[in-house]
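There's a structure below that I have some questions on.
Values quoted throughout were computed directly from the atomic coordinates according to the rules given, and no laboratory measurement underlies them. Fair warning: this is a prediction, and the values are worked out from it, not measured in the lab. Methodologically, a virtual Cβ is constructed for each residue, glycine included, from the backbone with ideal geometry; neighbour enumeration extends over all protein chains shown.
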Amino acid sequence: MAHQANSVEETVSQFLPALRLLEELSGPWAVGEEPLLRLPGLVESSLQRLYRLQNRDGGWGWVEGDVSQSYHTGYVVLGLEEARDAGYPVNERVLDRGLEFLRKISLETLNVDEKAYITYVLSECQKGDLSLARSLSERRRHMSLYAQAYLALALSNMGDEAAATRIADDLTAAVVETAHTAHWTEEEHYLAAMSSDGRTTAAVLQALAVEDPENRLLDKAANWLMWERDGGFWRSTYETAQIVSSLTDYVALTGEDVETTGYRVYLDGDLVAEGAAMPDAERPPRAQITRQLSPGEHLIEAEVGGSSPVYLASVLEYYAEGDGVEAARSSTGARISRWYEVARTGESLHQCAPGDLLRVRLQVEMPVDAWYAVLEDRLPPGTELVDVSPLVRLEGDASGARLRAHAESLSDRLGFYGTWLPAGAYETSYLVRATTRGEFRVMPAEMTLVYEPGAWGRSASAFLNVGGKP
């Protein structure tokens, strides 16, 4: 899905890890030449977008027009500070207003996790409050693990290594450990803060790498993070950015030796790919396996040589035969219905003529309260967008819902964004005009919770005949 290009978080996540890599790593771990050439333009365009999306109170929300939130504002401030440290010109007025917003929230909020995160962000900008950090340290038992990790980093930034080490010791004791991995899991995730076990483990790894470089859990935590990838990435752009930044610190600390490593890949015992991973390569090697598979289980195995650490990721893409896609959802996902109407009469249709005005209706039933929901629908082929109606709640009190609707910059889809959606039924519609003759299959509308990928729902696919009246 292309929704994340519209979020403030994704805007920061697409450049912040790269800047961290350039700052910390060199030699065989350096970013390749091609990404280096693209990075300045990416950073500069991202900075301009962040300037434009800053709210009047100095903060940022998740998407354009959203109310300001401390976690998104803190993330933007970290991105601006990192860009400035890397030599990019940053609008100081924008940065100062963001810092002032965070200081204000830190004084007002009673949430110790929020206070700890803001304290960390301010310390990264040399604006930290050591007395507040020490006071928070006395209340760390009431914090989430990721907040404790950020507080340890803040205390270290401000020179109180003794207090930071005490928190690092507590985090070491809270580990979930196996023979080969280590990770940290929260009793309850605060979804407004984009919390996840991957983000928590990344924060703890970063704190332990700074406070206890000889900690026996570092290698195991790095292993767990690498094994949690799905096709080379993690659950969201935010989690990916946090983990890449944390692993950057880990690699810079450990100074892993890197050498050319040979590999072989087997599918059901047959050799299907072989080659070498070279440390100075522009990008990691990819072995693409194309084969028609019979029903049942199949085994992929990889052999590697050499003493360098090797991290593997696999992705399976398959195409099933069939005439269409049925509606489906996960246990906590949305139930989505979509249909087409004659715009003037509301009569249902599947066939129209060029020039006809159609209304596409979408109904969404949310079974649970949701943070950071995205409903995305591709425009019917053979049509052009005319107008979009807002996403509205059909029943109950909608005062707490925070809804935004945007036409994507891509010409073939619409995205509807809900920062906070209480459980219930919602509806939206948009107008299109039929322009091109033909018989078209329309892919399903989809809804995901960006930071909870396991929650998803889709409508059925549809057919639209643009050619003449039935």
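Show me 445-457, 338-350, 216-228 ranked by packing, highest mean number of other Cβ atoms within 10 Å first.
So the peptides 445-457, 338-350, 216-228, ranked by packing, come out 445-457, 216-228, 338-350.
For Thr332, what residues show an amide H to amide H distance below 5 Å, using hydrogens built from the backbone and excluding near sequence neighbours?
Here Trp456 satisfy the definition.
On the first, second and third principal axes, largest extent first, how far apart are the outermost C-alpha atoms of region 3-254 in Å?
For region 3-254, the Cα spread along each principal axis is 47, 45, 32 Å.
To continue, here is another question. At 7 Å along Cα-to-Cβ for each site, give me the label-to-label distance between Val325 and Glu108 in nm.
Taking the two extended label points, one gets 4.1 nm.
Residues in region 70-89, backbone N under 11 Å from the label point at Tyr51 (7 Å along the Cα-to-beta-carbon vector): list them, ranges by number please.
89
Grab the Cα-Cα distance for Trp339 and Arg141, subtract it from 0.36 nm times how many residues apart they are, and report the gain in nm with one decimal.
Here the segment from Trp339 to Arg141 would lengthen by 66.1 nm.
So what's Rg/Rh here for region 328-466, counting alpha carbon atoms and using the Kirkwood radius for Rh? List each step's numbers first, then the result.
Working: Rg = 14.9 Å, Rh = 15.2 Å.
Rg divided by Rh gives 0.97.
Which order results if Thr185, Thr178 are arranged by neighbouring Cβ count within 10 Å, fewest first?
Result, fewest neighbours first: Thr178, Thr185.
Ok, one more. If you filter region 48-94 for GluC sites (Glu not before Pro), then keep DSSP loop positions with at most 12 other Cβ within 10 Å, what is left? Let's see the in-between values first.
Values: sites: Glu64, Glu81, Glu82, Glu92; in loops: Glu64.
Within region 48-94, no GluC sites (Glu not before Pro) qualify (loop, at most 12 other Cβ atoms within 10 Å).
Determine ³J(HN,Hα), in whole Hz, for all residues of region 221-235 in sequence, where each value follows from phi through the Karplus function 6.51 cos²θ - 1.76 cosθ + 1.60 and θ = phi - 60°; x replaces Gly and Pro.
5, 4, 4, 4, 4, 5, 6, 7, 5, 10, x, x, 10, 10, 5
Can you compute 3J(HN,Hα) from phi for each residue in region 369-381, using the Karplus curve 6.51 cos²θ - 1.76 cosθ + 1.60 with θ = phi - 60°, rounded to whole Hz and x for Gly and Pro?
4, 9, 9, 6, 9, 10, 9, 10, 9, 6, 4, x, x
What ³J(HN,Hα) values, in whole Hz, does the Karplus curve 6.51 cos²θ - 1.76 cosθ + 1.60 give for region 191-201 when θ = phi - 60°, with x put for Gly and Pro?
5, 4, 8, 6, 6, 7, 5, x, 5, 4, 5
Over region 82-137, what is the relative contact order in whole percent, taking alpha-carbon pairs under 8 Å and six or more residues apart? It would help to have the intermediate numbers written out before the result.
Working: 24 pairs, mean separation 11.8, N = 56.
Value for region 82-137: 21 percent.
Testing the spin-label approximation: label points 7 Å from Cα along Cα→Cβ at Glu177 and Arg93. State their distance in nm.
The two pseudo-label positions are separated by 5.4 nm.
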